[in-house]
């Protein structure tokens, strides 16, 4: 299904490259003979969602008729089936639209599996034997930097103290940062009010969109730094706006506001460019974060090998499925790069919280320099919306992957026939 929310009307989600996003999703529902359902989605920005839906439909023949038990007993094989069809793989492989569609389908299977087990996805993963987790990962193309044996060793070593970390997450939650205060299309008055409200609600880590106009960026970043004070954390995000030299020059001018990182400074495919930016900004104490925009595990391998990132960003559906994220989390741990997931978009907070909880409990066992993005948009459309307390993600308790939308929301926002879009067309 093509489900779209008109967030562009109020400039929610706006940045230097995506000035009028309508947070949307290709929404997948798996029906089973016994009445259980699995839900998955791929996040988009409006136009083109119908293309992802077509790709999902093209993959359906590889899924329909299979049993959940057969899939999960050989999840690696099922992953490879979806990504290696002799004709469909020509459209990727594991990139772009076909990558998004594959992730939506695979994540719906994970959701179904967790529901069958009566556990939230993070708990399903945490309770798995390390060998079972490794068996879900396709090591093809990444075995030169992470072997099955290395992955298993990481997971086995992290078993020490696992229960204590799980208990800690249940008590305290996982630390978050907010991007909701500083979308590029917001006015100064709105920005000030949102920062003041966020500070009052316990937020201490803020991300600001930059990249459209240098002088305006300097002014806005100074304003936000003044609002949040010198001791709180500030990050900046250019959403791929610059060339390499331009990124270095622009961020150097913004160094006065002491950003922790510059996110997506250039093309998400430019590994050497990220490495050059990282090297140039290191003396300023500014790191580089990237990895949300449809990167697959093979590109992450190269980013890590090139020391191009100080912070790894995963994405619950644009990067790929749970299977692929497991590989990235393990590689990031091996290269000692902290994971700070991206979650700006409809449903992404709901999904990515499961991955980051698993990372802390079963892989990294470390919270230093780690936090997960939060945006305060559209959670009311989900049956199990994300819960934030004192700027921390509280572990979800409902079975599944938290991405089931309310039927009423789907009906109203389905494109182009939903009531919301009929109203927009009339306007």
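Quick note: the coordinates plus some simple rules give every number you see, no bench work behind them. The model shown is predicted, which means the values in this text are computed figures rather than measured ones. So basically every Cβ, Gly included, is an ideal-geometry build from the backbone, and we count neighbours across all protein chains shown.
I need 330, 423, 45 ordered by Cβ neighbour count within 10 Å, fewest first. Ascending Cβ contact count within 10 Å gives the list 423, 45, 330. Averaging 1/r over each pair of different alpha-carbon atoms in region 375-427 and inverting the result gives 12.9 Å, the Kirkwood hydrodynamic radius.
When peptides 46-58, 66-78 are ranked by their average number of other Cβ atoms within 10 Å per residue, the highest-first order is 46-58, 66-78. For the peptides 143-156, 295-308, the ranking by mean Cβ contacts within 10 Å, running from highest to lowest, is 295-308, 143-156.
Based on the inverse mean of 1/r over its pairs of different Cα atoms, what is the Kirkwood hydrodynamic radius of region 1-53, in Å? Result for region 1-53, one decimal place: 12.1 Å. Pairwise Cα distances in region 346-404 exceed 17 Å for 37 percent of all pairs.
Only helical runs count toward this figure. For the chain, summing -39,500 (n - 2.57) over DSSP H runs of n ≥ 4 and dividing by all residues gives -12500 deg cm²/dmol at 222 nm. The label point for residue 157 and the one for residue 197, both projected 7 Å from the Cα toward the Cβ, are 4.5 nm apart. With contacts taken as Cα pairs under 8 Å and at least 6 residues apart, region 220-360 reaches a relative contact order of 18 percent.
Between residue 369 and residue 29, the FRET efficiency from the beta-carbon distance, with R0 = 60 Å, is close to 0.95. Shape descriptor for region 4-113: Rg over Rh equals 1.04 (Cα atoms; Rh from the Kirkwood inverse mean 1/r). The Kirkwood radius of region 267-315, taken over pairs of alpha-carbon atoms, gives through the Stokes-Einstein law at 37 °C and 0.692 mPa s a diffusion coefficient of 309 µm² s⁻¹.
The calculated P(r) of region 133-244, using every Cα pair and 10 Å bins from 0, goes 11, 29, 18, 23, 19, 0 in percent.
For the chain, the pair-distance distribution built from all alpha carbon pairs, in bins 10 Å wide starting at 0, is 5, 23, 34, 27, 11, 1 percent.
Each 10 Å bin from zero up to the one holding the largest Cα-Cα distance in region 195-255 carries the following percent of pairs: 21, 51, 24, 5. With contacts taken as Cα pairs under 8 Å at a separation of at least 6 residues, the chain carries a relative contact order of 20 percent.
Just to be sure I understand the curve: with the Debye formula and one point per C-alpha of region 162-405, what is log10 I(q)/I(0) at q = 0.07, 0.10, 0.11, 0.18 Å⁻¹? Log10 of I(q)/I(0), two decimals: -0.21, -0.45, -0.54, -1.48. Would any residue of region 52-81 have its amide N under 19 Å from a label point 7 Å out along Cα→Cβ of residue 87? List them or say none. Under cut-off, by backbone N: 52-65, 81.
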